[in-house]
Structure formats: C-alpha cells, structure tokens
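Notes follow the structure.
The values are calculated or read from the model by the stated rules, or taken from the named source; none is laboratory data. Quantities reported herein were computed from a predicted structural model and do not represent experimental measurements. Positions of Cβ are generated from backbone atoms using ideal geometry, with glycine treated the same way; all protein chains shown enter the neighbour counts. Only protein heavy atoms, including side chains, enter the accessible area calculation; ligands, DNA and RNA are left aside. Shrake-Rupley method; radii C 1.70, N 1.55, O 1.52, S 1.80 Å.
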Amino acid sequence: MRRKGTDEQLAERKKRGLALLSQGKKPKEVAEILEVTRRSVDRWLQETKKPKKKKATRSPGRPSKLSEKQLKRLEKALDKGAYAFGYPGNYWTLDRITQVIWQLFEVRYHASAVWHVMQRMGWSSQRPQRQPLHRDNEAIERWKVEELPRIKKVSATGRYSRS
C-alpha cells in the first residue's frame, strides 16, 4: 500500500521530512509531525546515504539490427533510386530493399520486417501509377470534349432537375 497523493506531493513530504531531520529532530518526531510511519522516515534516511541506482531506460522489444548511422546511410542509398542498384524499374519493393540492406550492411531482414524499418525512417508505401506506353494525352482530351458530351445522358431540363 502507498500513501495517498501524487508523486510530487510524496516527494515534497519526503523533502520536508529530511529538512526536519537536518534541523535535529528525531525520526520518531518527524514521523508524528508528517503523519507517516517511522519506517518511512528510516527509509528516507537510508536513501539519502545510499541513493538507488536509476534503471537504464530503453525502448521495449528487440534492439534494431541497424544503427541510426546505418539507417541514414540506407536512406541516402535508397534516394539514389532503384536504377542505381541495377533494377529494371525505378521503384522500391520490400524484397529489393532487403537485398540492398544485405549488400550494404550484410544484415539479414525478412521482407515483412523491412516494412517496420521503413516506417521508422518515415517512409510510406507508395504504388507507382501505371500508364500505357503508347498513351496519347491529346487524343484523350479531344475525346472528352467531342465524344463524351454526345454519349453522356443529360436530362432535357438540366442536370439536376427533379420532376
């Protein structure tokens, strides 16, 4: 069980108790003044003599196989484009990035794990827009202006009339 109050309030009570002890009050008197147990006052004294070592805080989960420096190097390599690594299309897939990571750092990743690496780098999934090789934009615009109005059904009174 713990005494009621926020961490700040408890820290303030402890600080006040240590101040009273430094003024020459006995632990029993401090306990009565602050309405805490004698054991709490003894613990405060013990902690001031031998402070607890703070635990090293690290992110949960398995550490990354690539360091921050390696991630920056990977990002520079990916910015060069897929052509620079001999791929026929200038787009990246998870499998391609997996191979590049192996070529640069000799670190193995499964393609699904590369997705998490890319998210950590701030990259997102993008699909290249597919267009036919022999696309004629002028013919498409001409068709929209000339043919589409002829084919499109429009009511006699207007587009949004209600009868």
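Descriptive notes on the structure:
- Those lysines that a straight Cα-Cα span of less than 25 Å connects to K54, excepting residues fewer than 8 apart in one chain: K4, K14, K15
- Karplus 3J(HN,Hα) series, Hz, for segment 87-104 with 6.51 cos²θ - 1.76 cosθ + 1.60 (x for Gly, Pro): 8, x, x, 8, 9, 10, 10, 4, 5, 5, 5, 4, 5, 5, 4, 5, 5, 7
- Per residue, the chain reaches -15500 deg cm²/dmol at 222 nm when only DSSP H runs of four or more residues are counted, each adding -39500 (n - 2.57).
- Largest first and in whole Å, the equivalent-ellipsoid semi-axes of the chain read 70, 32, 11, each the square root of five times a Cα gyration tensor eigenvalue.
- Cα lying deepest toward the dipole's positive end in the chain, options I151, S22, I101, charges on Cβ: S22
- For the pair H134 and A111 in one chain, pulling the backbone fully straight at 0.36 nm per residue adds 4.9 nm over the alpha carbon distance.
- Normalised by the number of residues in segment 39-163, the average gap of Cα pairs under 8 Å and 6 or more apart makes the relative contact order 14 percent.
- Loop-located GluC sites (Glu not before Pro) in segment 24-98 whose Cβ has at most 10 other Cβ within 10 Å (DSSP): E35
- You can think of it this way: the chain between K55 and S124 has 21.4 nm of extra reach, that is 0.36 nm per residue less the Cα-Cα gap.
- Compared with the dominant principal axis of the Cα atoms in the chain, helix 137-146 is inclined by about 70°.
- Computed from point charges on the beta carbon alone (+1 for Lys and Arg, -1 for Asp and Glu), the dipole magnitude for segment 1-150 about its Cα centre is near 1600 Debye.
- Relative to the longest principal axis of the Cα atoms of the chain, helix 68-79 runs at roughly 10 degrees.
- Rounded to whole Å, sorted largest first: equivalent-ellipsoid semi-axes of segment 27-109, Cα gyration tensor: 60, 11, 10
- In the context of the full set of protein chains, segment 38-157 has a per residue accessible area of 88 Å² (1.4 Å probe).
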